1. Among the residues of region 155-177, are any under 16 Å from D103 (Cα atoms), among the charged types (D, E, K, R) and modelled with pLDDT of 95 or more?
2. From the list L371, L349, which one is farther than 30 Å from K47 by Cα and in contact with a helix residue (DSSP H, G or I) (Cβ under 7 Å, 6 or more places away or on another chain)?
3. When you scan region 251-355 for helices (runs of 4 or more DSSP H) that lie fully inside it, which ones turn up with 1 or more residues that are of a type in the set (K, R) and either more than 17 Å from the chain's Cα centre (by Cα) or within 16 Å of ligand 1 (Cβ to nearest atom) (or both)?
4. So which of V240, V214 is more than 16 Å from ligand 3 (Cβ to nearest atom) and in contact with a Phe, Trp or Tyr (Cβ under 6 Å, 6 or more places away or on another chain)?
5. Assuming T19 fulfils every condition listed in (1) in contact (Cβ under 8 Å) with a residue 60 or more places away in the chain; (2) surrounded by fewer than 20 Cβ atoms within 10 Å (Cβ to Cβ); (3) assigned to a helix (DSSP H, G or I) apart from one, which condition is it?
6. Answer yes if at least one residue in region 199-213 is within 16 Å of ligand 1 (Cβ to nearest atom), of a type outside the set (G, A, S) and either out of contact with any Leu (no Cβ under 8 Å at 6 or more places or on another chain) or part of a helix (DSSP H, G or I) (or both), and no otherwise.
7. If you go through region 229-252, how many residues are within 14 Å of ligand 2 (Cβ to nearest atom), open to solvent by 20 Å² or more (accessible area, probe 1.4 Å) and hydrophobic (A, V, I, L, M, F, W, C)?
8. Out of the helices (runs of 4 or more DSSP H) lying entirely within region 59-176, which hold 2 or more residues that are under 24 Å from the mean Cα position of the chain (by Cα) and hydroxyl-bearing (S, T, Y)?
Amino acid sequence: MSALYNPTSTDRFTFGLWTVGNPGADPFGGPVRPRISPTDIVRGLAKAGAYGVNLHDNDLVPFGASAAEQDRIVGEFLDVVQSCGLVVPMATTNLFSHPVFRDGAFTSSDPKVRAFAVRKAKRAIDMGVEMGAETIVFWGGREGVETDAARDCRDALCWYRECVDFLAAWTLDQGYSLRFALEAKPNEPRGDLYLPTTGHMLHFIETLDHRDMVGVNPEVAHENMSGLSMVHAVAQAMEVNKLFHIDLNAQRIGRYDQDLRFASEDLKGAFFLVRLLEGSCGRPGYSGPLHFDAHAYRTEDSDGVWDFASGCMRNYKILAAKAAAFDADQEVQEILAVNHADPDGVGVLLKDYTREGLRALEVLDLDPEALAKRGHQYERLDQLAMEHLFGVR
Ligand code: DIG
Ligand code: MN
Ligand code: MN
């Protein structure tokens, strides 16, 4: 394989402890690989060329550990992170594994469970700050129902908002300069999860007290699971400056959350996503960590796990090079220029309403039959993208 696409720490690639540390268990079978310790994961990621490592609180510190135990574990971990030259850009809280959260954490009908969840999240945020994290992700893996008889969804949303607002206010009160990134998922492990897509999250954020410090963490698999476009979800978040983090992986439509190696499915979707993140058509890209929330096939042994990690990073770099070549392609630029042309300056009429603009709009010579006859050369344009992807252009 060409060394041209070997990752380096300047590429901002990160992995969660739970990704390369995934032992391969699934609902139908137990683990197939020996567990890797967090410190060995850090060493392996550094060797693989990653920039950073992320974690849930309980990926590192056992549930219910004492403060002294947590301090010891975190201290040892940070020593290795620093000696390996990695960083911890993101931290998150596991509010989905322990049975206490079986009917939700922030949306549990039991206020004592909600209080416990907020207290656990506070402790995880403190730990994240100690590690230098700049972003706290919240994935509401248990925030949902199997039956809507359980509670009114409006109550759930109200409790969700209360908990996020409380944690945001506490974070500011602590003087932490953190941002929260909310991660959507349409279902699994609950029958229906609240706030199932990035679009839902973007609206929810606008209802929060401290909305400026809250953004989204879209995941490829989670948008694709509901048949939606990750490219459009990310673009909508970027347009309003709310892409605070991103979970990169791959997914086949109509299946459980596969969390596959990045770009190993829907290659064209991954291509246009990387093109968006790298900046295209003169627009700025995304400058945050490129996080792979994915894991190796259950068929893989321990060596295969590192093949998986390398493949995630290499695929991103290969697609970034192909996206740059596509945007530099003279024929691509010509087709886009023709399609976006506005020789009569009509577009500006619709930017801001004025009565003068209205009068100009009313007298425009707009012939729908003639407009309907225009071809767009999208078949040629998409074929050009495909030929860049095939490596024949
Ligand atoms: C699942 O896609 C979620 C959890 O793994 C974690 O809370 C979050 C972090 O990226 N993604
Ligand atoms: Mn996932
Ligand atoms: Mn995720």
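The values are calculated or read from the model by the stated rules, or taken from the named source; none is laboratory data. These numbers were taken from a predicted model, which means no experiment stands behind them. Neighbour counts are summed over all protein chains in view; Cβ atoms, including those assigned to glycine, are modelled from backbone coordinates with ideal geometry. These area figures cover heavy atoms from the full protein model, side chains too; ligands, DNA and RNA do not enter into them. Shrake-Rupley method; radii C 1.70, N 1.55, O 1.52, S 1.80 Å.
1. Yes, because at least one residue in region 155-177 is under 16 Å from D103 (Cα atoms), among the charged types (D, E, K, R) and modelled with pLDDT of 95 or more.
2. L349
3. Here the list reads 267-278, 302-328.
4. Only one candidate qualifies: V214.
5. Result: T19 fails condition (2) only.
6. Looking for residues that are within 16 Å of ligand 1 (Cβ to nearest atom), of a type outside the set (G, A, S) and either out of contact with any Leu (no Cβ under 8 Å at 6 or more places or on another chain) or part of a helix (DSSP H, G or I) (or both), one finds at least one in region 199-213, hence yes.
7. Qualifying residue count for the region: 0.
8. 153-173
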